[in-house]
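The values are calculated or read from the model by the stated rules, or taken from the named source; none is laboratory data. Owing to the predicted nature of the structure, the values given are computational and were not obtained by experimental measurement. Here the Cβ positions follow ideal geometry from the backbone for every residue, glycine too, while neighbour counts run over all protein chains shown.
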Amino acid sequence: MSQFINSRRPRRNRKSEAIRAMVEENRVTVDDLIFPMFLLDGKNQKIEVGSMPGIFRFSTDLMLKEIEECLKLGIRAFDVFPAVEDQHKDKTATKSYDPNFFYLRALREIKKQFPEACIMTDIAMDPYSSDGHDGLVKDGKILNDETLEILGKMALAQADTGIDILGPSDMMDGRVGYLRDVLDKNGFMEVSIMSYTAKYASGFYNPFRDALDSAPKFGDKKTYQMNPANRTEALIEAQLDTEEGADFLMVKPALAYLDIIRLLKDNSSLPIAAYNVSGEYSMIKAAALRGWLDGERVMKETLLSMKRAGADIILTYFAKEFASLTN
Ligand code: PBG
């Protein structure tokens with residue numbers, strides 16, 4: 001038998017379930033989760049997203065039922081995205097601030113029925129844009145400052161429905177400060193901003209773009225979303241968003257960017273959110289459906305990795321499944 005150099009035996013702290021639980025450093029709870037959901041126009045519609053097994057697009061009536069079920073499971077925060085029909089898309093995303101458009105009406109209805117639920121919305125032009133870009137397109141370029149004006153109208157229209165948190169996902173420069181200013185000037189001081197701070201130009205968004213039919217009609221998003229090769233640049237974004245008044249900073253995607261989550265956590269006093277995006281969900285589901293991975297176990301391990309990296313909040317399509325398992 002070989003001699004130990006000292007008598008430390010880390011395995012003692014792993015010897016029973018009770019001790020393992022006692023020394024557990026990180027835990028995911030439903031309180032940490034925000035459930036992203038896809039909204040459809042119409043009635044009695046529930047359509048599964050082909051590339052996201054178990055995730056559906058709901059019309060308002062059925063989304064209300066879904067939210068009610070989720071609230072019973074302990075999920076209290078939801079991020080609602082609209083799937084807009086082509087006929088309603090145009091260059092300037094007009095429908096995004098039309099108070100009669102189904103998305104804004106649905107938000108109002110959701111807040112009316114469930115005032116206790118925390119409802120987050122998305123600020124970006126892509127679901128409503130005939131170009132499929134997050135900003136205004138002119139001669140093949142994405143205009144920054146002109147986009148802010150549209151985002152401002154969108155923010156006011158969404159705030160007016162009574163929602164709790166705005167999520168600017170567009171990556172235009174200066175938008176957090178611009179939106180904060182517009183909101184405050186119009187009396188919406190209490191509406192929070194969760195900024196998509198370090199949002200990368202990622203291949204992991206494809207299933208989301210299927211869900212909303214919102215893929216860019218030309219080119220890619222590399223002139224506004226960050227280069228996956230960059231780390232330090234996330235600190236510039238974080239500093240600006242903080243100065244401009246963001247209440248939360250988000251890193252997106254999460255799994256391939258755990259180092260960025262940790263970087264922001266170590267350099268900011270604001271709560272850090274991680275967006276466990278569509279492609280990360282689909283990867284696990286696809287492997288689990290083939291029996292290649294234990295889906296449940298890998299889901300929990302994945303969410304835990306985000307907590308361990310420093311995420312206070314996780315936006316995840318697994319929210320309902322996680323809540324059903326841990327309830
Ligand atoms: C668009 C937006 C995207 C996501 C959230 N808001 C896609 C994109 O930037 O193309 C992706 C979310 C996901 O993949 O789950 N502004």
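Any residue in the stretch 294-311 that is within 26 Å of residue 176 (Cα to Cα), more than 16 Å from the ligand (Cβ to nearest atom), in a loop (DSSP other than H, G, I, E, B) and touching a Phe, Trp or Tyr at 6+ places or on another chain (Cβ under 8 Å)? No: the stretch 294-311 contains no residue that is within 26 Å of residue 176 (Cα to Cα), more than 16 Å from the ligand (Cβ to nearest atom), in a loop (DSSP other than H, G, I, E, B) and touching a Phe, Trp or Tyr at 6+ places or on another chain (Cβ under 8 Å).
Filtering 98, 79 for residues that are at pLDDT 95 or above, within 16 Å of the ligand (Cβ to nearest atom) and closer than 18 Å to residue 40 by Cα leaves a single hit, 79. Screening residue 140 against (1) over 20 Å from the mean Cα position of the chain (by Cα); (2) within 15 Å of the ligand (Cβ to nearest atom) leaves a single unmet condition, (2). Annotation note: Cβ proximity below 9 Å between a residue of the stretch 292-312 that is touching a residue at least 24 places away in the same chain (Cβ under 8 Å) and a residue that is buried (at least 16 other Cβ atoms within 10 Å of the Cβ) and of a type in the set (Ser, Thr, Tyr) (sequence gap 6+ or interchain) occurs for 302/316; 303/316; 306/316; 309/257. The set of residues in the stretch 211-238 that are under 19 Å from the mean Cα position of the chain (by Cα) and of a type in the set (Gly, Ala, Ser) comprises 211, 214, 215, 234, 238. With respect to the conditions (1) buried (at least 20 other Cβ atoms within 10 Å of the Cβ); (2) within 15 Å of the ligand (Cβ to nearest atom), residue 53 lacks only one, and its number is (1).
Of all the criteria given as (1) surrounded by 23 or more Cβ atoms within 10 Å (Cβ to Cβ); (2) within 13 Å of the ligand (Cβ to nearest atom), the one not satisfied by residue 249 is (2). How many of the residues in the stretch 195-212 are away from the ligand (no atom under 12 Å from the Cβ) and in contact (Cβ under 8 Å) with a residue 60 or more places away in the chain? Qualifying residue count for the region: 2. Please indicate, with yes or no, whether at least one residue in the stretch 234-250 is in contact (Cβ under 8 Å) with a residue 12 or more places away in the chain and at positive phi. Checked the stretch 234-250: at least one residue is in contact (Cβ under 8 Å) with a residue 12 or more places away in the chain and at positive phi. When 261, 314 are checked against the criterion of being touching a strand residue (DSSP E or B) at 6+ places or on another chain (Cβ under 6 Å), farther than 18 Å from residue 37 by Cα and crowded, with 20+ Cβ neighbours inside 10 Å, a single residue qualifies: 261.
Applying the criterion of being out of contact with any helix residue (DSSP H, G or I) (no Cβ under 9 Å at 6 or more places or on another chain) and of a type in the set (A, V, I, L, M, F, W, C) to the residues of the stretch 301-327, the residue that is nearest to residue 73 (Cα to Cα) is 315.
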